[in-house]
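For reference, the structure discussed in these notes is given below.
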Amino acid sequence: MGDEVILLGYWPSQYGMRARIAVEEKGIQYEYKEEDAFNYNKSPLLLEMNPVHKKTPVLVHNGKPICESLIVIEYIDEVWNHKSPLLPSDPYDRAQARFWADFVHRKVYDAAKRIWTTKGEEREGEKNEFIECMKLLEQQLGEKPYFGGDSLGFVDVAFVPFYSWFQVYEKFGNFNMEAECPNIIAWAKRCLQKQSVANTLPDQHKVYDLAIWIRKKLGIE
Amino acid sequence: MASNQHVKLFGTVRSPFVKRAEIALKLKGVEYEYVEESLSNKSDDLLKYNPVHKKVPVLLHNDKPVCESLVIVEYVDEAWTGYPILPSDPYHRAQARFWSKFIDDKVFPAAFKAAWNPNEKERDKGAEEAREALQILENKLKGKFFNGDSIGLVDLAALYIAFWLPLIQEAGGLDLYSGEKYPKLEKWGHEILNHPVVKGVLPPRDNVLAIYKTRFQNISASK
């Protein structure tokens, strides 16, 4: 096809994982470039391609940048529309997919992040909020193998990267995901059967070690 | 697809988010029933159709709810033919989504912080963040509208800047926006406020100003 596709990412970032899973699902030939995001060692390419936010992921397609993970997924789905559709074709179903991806992006992300960056009562509150979100998502999933139905969809790609962070949430939040929301764990393991997800998600222990390191660096006790 | 389908919009008269949905429906020529909600006394319907966030706007299309203003706008664009609210090219669509998200993630929270945060330092920080965000939009704006010659997704998202932001500024004596600092935004503001569809849905300016003034007065009174 003659397309040049570069993906700028940061290995523990759920946002970057989303973009990578989407690219892999579509079988796109791409070059992955790892950014040293936490050390603020941002590459000239990143700063040029995402001057507004200076964040990963950035998809560079034939020299043109697309930023913001959910927007990247939609772009990929629209351009490489010949296989593995990530969004449904019906407008109402698409609206539902966008709604739940947004829910994961804002509500789930915020509560999850605060589980390991806060302490005491605040942390307890965030953990409960997170578990509530998980139960809502379990309800949404229902009996379907994936949020997208029979195959990986927009919400699956948006949400499954969180799996690599579950150990962090469990250990700091002092709870067990399998006990609280077994269907989410079953769903995540099902997703991990897919090459695109297995190739992308880092090991939970590696992510946990990073979280410990970040907390130390930020002076969070 | 369109005719004979029942469309209902739950909203509140002064919400910029609700106006996005209304303008989208009107641009497509969709007939709809409007239901005014009271945020302090939410209807059973609202809670039923948006149990997750319990917020307006909610679009009900043949009894199926769509929530979140930008999701609603994209839905309206896809469910009805006619006026194109998003561009057709995937790259330009990605750009439109990016800038709409930028407005929601950067402009709104900063403006709210600048106006309503109880801490003065935080209010100053909010004002600084708002000005930065506005400068980025000022630099980005090229044509008559963010969407080019006609209004589109980003213009609907940014309408807050043209109508509500100056009113909050006036009511609270804030320093967020000025026509001199952002001449392109200023010009865009005039254009969009005079757009026939937009003009037709906006609440009365004095009404909104009075409400903001009362809120600010109540805050100072309680100090």
*Could you run through region A:76-96 and say how many residues are in a helix (DSSP H, G or I), open to solvent by 10 Å² or more (accessible area, probe 1.4 Å) and either more than 9 Å from chain B (Cβ to nearest Cβ) or not β-branched (Val, Ile, Thr) (or both)?*
7
*For region B:159-200, name all the residues that are closer than 14 Å to B:Pro16 by Cβ and in contact with a strand residue (DSSP E or B) (Cβ under 9 Å, 6 or more places away or on another chain).*
B:Ile192
_Of all residues being surrounded by 16 or more Cβ atoms within 10 Å (Cβ to Cβ), without any contact (Cβ under 8 Å) to a residue 40 or more places away in the chain and not in a helix (DSSP H, G or I) in region B:56-82, which is farthest from the other protein chains (Cβ to nearest Cβ)? Just the residue, please._
B:Pro65
*asked:* So in region A:134-161, with the set limited to residues that are hydrophobic (A, V, I, L, M, F, W, C) and outside any helix (DSSP H, G or I), which one is farthest from A:Ala101 (Cα to Cα)?
replied: A:Leu152
*Out of B:Leu153, B:Leu185, B:Leu209, which single residue is in contact with a Ser or Thr (Cβ under 7 Å, 6 or more places away or on another chain) and open to solvent by less than 30 Å² (accessible area, probe 1.4 Å)?*
B:Leu153
*Is it the case that B:Gly126 is surrounded by fewer than 19 Cβ atoms within 10 Å (Cβ to Cβ) and more than 18 Å from the chain's Cα centre (by Cα)?*
no
_Scan of region B:83-114 for residues that are open to solvent by 10 Å² or more (accessible area, probe 1.4 Å), touching a Lys or Arg at 6+ places or on another chain (Cβ under 8 Å) and either away from chain A (no Cβ under 14 Å) or more than 25 Å from B:Pro57 (Cβ to Cβ) (or both), ordered by number_ = B:Tyr83, B:Tyr91, B:Lys113
*asked:* Residue under question is B:Glu138, and the condition is that it be outside the structural domain of B:Leu159 (by TED's automatic domain parsing) and among the acidic types (Asp, Glu); does it hold?
replied: no
_Any residue that is assigned to a loop (DSSP other than H, G, I, E, B) and at pLDDT 95 or above - is there at least one of those in region B:187-201?_
yes
_I'm trying to understand the selection: among the residues of region B:195-212, which are within 23 Å of B:Leu25 (Cβ to Cβ) and either under 16 Å from the mean Cα position of the chain (by Cα) or of a type in the set (A, V, I, L, M, F, W, C) (or both)?_
B:His195, B:Val197, B:Val198, B:Lys199, B:Gly200, B:Val201, B:Leu202, B:Pro203, B:Pro204, B:Arg205, B:Val208
_Can you tell me how many residues within region B:143-179 are in a loop (DSSP other than H, G, I, E, B), at pLDDT 95 or above and of a type in the set (D, E, K, R)?_
2
_Filter result (within 9 Å of another protein chain (Cβ to nearest Cβ) and of a type in the set (D, E, K, R)) within region A:97-129_ = A:Arg98, A:Asp102, A:Lys107
*Of A:Ile73, A:Ile21, which residue is within 30 Å of B:Asp77 (Cα to Cα), within 14 Å of chain B (Cβ to nearest Cβ) and of a type in the set (A, V, I, L, M, F, W, C)?*
A:Ile73
*List the number of the failed condition for A:Asp36; all other conditions in (1) open to solvent by 10 Å² or more (accessible area, probe 1.4 Å); (2) within 14 Å of chain B (Cβ to nearest Cβ) hold.*
(2)
*Got a number for residues in region A:137-162 being open to solvent by 40 Å² or more (accessible area, probe 1.4 Å) and touching a Cys at 6+ places or on another chain (Cβ under 8 Å)?*
0
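The values are calculated or read from the model by the stated rules, or taken from the named source; none is laboratory data. Because the structure is predicted, anything quoted here is derived from the model rather than measured. Using ideal geometry, Cβ is built from the backbone for each residue, glycine included, and neighbour counts are taken over all protein chains shown. Quick note on the areas: whole protein, heavy atoms, side chains included, nothing else; ligands and nucleic acids left out. Shrake-Rupley method; radii C 1.70, N 1.55, O 1.52, S 1.80 Å.
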